[in-house]
Amino acid sequence: MIASSISAIAFDLDGTLVDSVPDLAAATQATLADMGLRSCTEDQVRSWVGNGTEMLMRRALTFSLGAEPDASVMGDAMPVFMRHYEACLERYSKLYPGVESVLRTLQQRGFRLAVVTNKPYRFTIPLLKSFGIEPFFSEILGGDSLSKMKPDPLPLTHLLDKWQLQPQQMLMVGDSRNDVLAAKAAGIASIGLTYGYNYGEDIGLCGPDAVCDHFEQILAHLPPQQSE
């Protein structure tokens, strides 16, 4: 068990709850095609996600152009990407195994649950709703909900303040170093998942408090009921 005092859990979204790369890849490929640029593969997109849609598009354009895109190119690309992604937001994405049942178990045990993602809020809510898991979360923060996003600790410290919790009462569950770094900076515990998107790196190298290969395994690290 990580800590018997845990009463709230913040979850990353992409690569943690949902495998969203197939739709992100489709939108990225369509954007590059519209701009007359060479395409990329789904595996490449899988290695580019995690820092928000603008960084995803910047990485895709850098690959296609062979150089860093300037502000004008980015300005042209982002609206096109947003339009394509909105059109295929939930077409190919899927929940990871065990996610719905574990969230239900945690809710029944009395844990307060939140989503803290770098995905824009406008895409986060429809994606959660499409899989029927939005009701499990009492707070949902997108990458643009606050002035800073992960790996900055602001989204997590915002939750601590709003819920009037001490750092030892919250856990961050995610699949990338951004999640672990944000948790460390906020002073809270973290679980790293090995199956998501972490730029090809071993999630254990950034020092989470525990590492899990499957979503269901997080239950073994938590108290049977939330701490009062």
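For this structure, a couple of remarks:
- Test: Lys162 is modelled with pLDDT of 95 or more, under 14 Å from Arg112 (Cβ atoms) and charged (D, E, K, R): yes
- Comparison of Arg104, Arg112 shows that the only residue that is surrounded by 17 or more Cβ atoms within 10 Å (Cβ to Cβ), of a type in the set (D, E, K, R) and at pLDDT 95 or above is Arg112.
- One residue stands out in the range 139-154 among those that are among the aliphatic types (A, V, I, L, M) and under 17 Å from Met172 (Cα atoms): the one that is farthest from the chain's Cα centre (by Cα), namely Leu154.
- Scanning the range 60-109 for residues that are touching a helix residue (DSSP H, G or I) at 6+ places or on another chain (Cβ under 7 Å) and among the hydroxyl-bearing types (Ser, Thr, Tyr), we see that the one that is farthest from Leu13 (Cα to Cα) is Ser64.
- For the range 146-203, the tally of residues that are touching a residue at least 40 places away in the same chain (Cβ under 8 Å), of a type in the set (D, E, K, R) and part of a helix (DSSP H, G or I) stands at 1.
- Counting only residues that are at pLDDT 95 or above and at positive phi, the range 188-228 holds 1 of them.
- Among helices (runs of 4 or more DSSP H) entirely within the range 1-99, having at least 1 residues that are open to solvent by less than 10 Å² (accessible area, probe 1.4 Å) and in contact (Cβ under 8 Å) with a residue 40 or more places away in the chain singles out 21-34, 71-87.
- Matching entry among Phe123, Phe136 (being modelled with pLDDT under 95 and touching a helix residue (DSSP H, G or I) at 6+ places or on another chain (Cβ under 7 Å)): Phe123
- For the range 206-217, taking the residues that are in a helix (DSSP H, G or I) and in contact (Cβ under 8 Å) with a residue 12 or more places away in the chain, the one that is most open to solvent (accessible area, probe 1.4 Å) is identified as Glu216.
- Extreme residue, surrounded by the fewest Cβ atoms within 10 Å (Cβ to Cβ), among residues of the range 155-204 that are touching a strand residue (DSSP E or B) at 6+ places or on another chain (Cβ under 8 Å) and of a type in the set (Phe, Trp, Tyr): Trp163
- Some residue of the range 32-42 being basic (Lys, Arg) and under 27 Å from Lys184 (Cα atoms): no
- Selection from the range 115-136 of residues that are open to solvent by less than 20 Å² (accessible area, probe 1.4 Å) and among the hydrophobic types (A, V, I, L, M, F, W, C): Val115, Val116, Phe123, Leu127, Leu128, Ile133
- Residue in the range 35-54 that is under 15 Å from the mean Cα position of the chain (by Cα), over 29 Å from Asp70 (Cβ atoms) and among the charged types (D, E, K, R) present: no
- Qualifying residue in the range 86-93 (condition: among the aliphatic types (A, V, I, L, M) and modelled with pLDDT of 95 or more): no
- Failed condition for Ser145, given (1) over 20 Å from Val180 (Cα atoms); (2) open to solvent by 40 Å² or more (accessible area, probe 1.4 Å); (3) in contact with a helix residue (DSSP H, G or I) (Cβ under 8 Å, 6 or more places away or on another chain); (4) among the polar types (S, T, N, Q): (1)
The values are calculated or read from the model by the stated rules, or taken from the named source; none is laboratory data. For clarity, every value in this text was computed on a predicted model and none was experimentally measured. Because the Cβ atoms are built from the backbone with ideal geometry, glycine has one as well, and the counts that use them run over all protein chains shown. Surface accessibility is based on the protein's heavy atoms, side chains included, excluding ligands, DNA and RNA. Shrake-Rupley method; radii C 1.70, N 1.55, O 1.52, S 1.80 Å.
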